Amino acid sequence: MLLIGLTGNIASGKSTVSRLLAARGATIIDADVLARRAVEVGTPAYDKILQRWGPDVLAPDGMLDRAALRERVFADLEELEELNHIVHPEVIRLRDQLVGEAHRRGDRMVVCDIPLLFENDLAGSFDRIVLVDAPRPMRLERLVRDRALHEAEAMKMIAAQMPAELKRARADYVIDNTGTLDELEARVGEVWRELEEDARTARAPALSAQ
């Protein structure tokens, strides 16, 4: 099994790349999905968040109001770090559980979609790292246009992440998402073929010395 870390700063197009990899047969483990599971009503993380930030971050149905919580923590990096400290250990536990299940099934290619892979020092946990990237002005435009965020809020979210330039230097593969969907799919296809070769190499037994 080849374990791949897929990452990219906000609005880079990482989710689209994840779907394209899934269509090619990869098992996808999405950190955002796990983060929602980690803070469901009644979980330890939910209780800690409620104790720390109070009922103002709850929706009328008692679930976390993710937009309200995001507005609170992205205004203060210390609060963002505190939230990450609460949520990430549970996300890691859930991810390890799913990776173990994939390994037991014999899945060939497992992709963990993790926005904050480098920020949380997780690069060493994976066989290969794939980074999806786009220029900062383009990502800002996407956040404002596609997610209906105010520009100031979008800029705070971008600033809270490690600069993409530092991530590019540490990634095994970089997928630049600056063109059309067809161009993105073509680049994903190139990376997929290289990952398949990586997986074959990893499975091939070493030749004994003659």
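Just so it is clear, none of the values below were taken in a lab; they were calculated from the coordinates. Computed from a predicted model, the values in this text were never measured in an experiment. All Cβ positions, even for glycine, are placed from backbone atoms using ideal geometry, and neighbour counts span all protein chains on display.
Computed from Cα positions, the angle between helix 44-53 and the longest principal axis of the chain comes to roughly 40 degrees. Computed from phi, the 3J(HN,Hα) profile of the stretch 173-178 under the Karplus parametrisation 6.51, -1.76, 1.60 (θ = phi - 60°) reads 9, 10, 10, 7, 10, 10 Hz, with x in place of Gly and Pro. Secondary structure note: in the chain, about 5% of the DSSP beta bridges are antiparallel.
Proximity of backbone amide H atoms, modeled 1.01 Å from N, is registered between Leu58 and Asp65 at under 5 Å, excluding neighbours fewer than 5 places apart on the same chain. Local charge for Ile86 was computed over the other residues whose Cβ lies under 12 Å away, with Lys and Arg +1 and Asp and Glu -1, and equals -3. Where [x] 0.96; [y] 1.10; [z] 1.05 are the candidate values, the label of the one calculated here for Cα Rg over 2.2 N^0.38 Å is [y].
Computed on the stretch 39-95, with alpha-carbon pairs under 8 angstrom and 6+ residues apart, the relative contact order is 31 percent.
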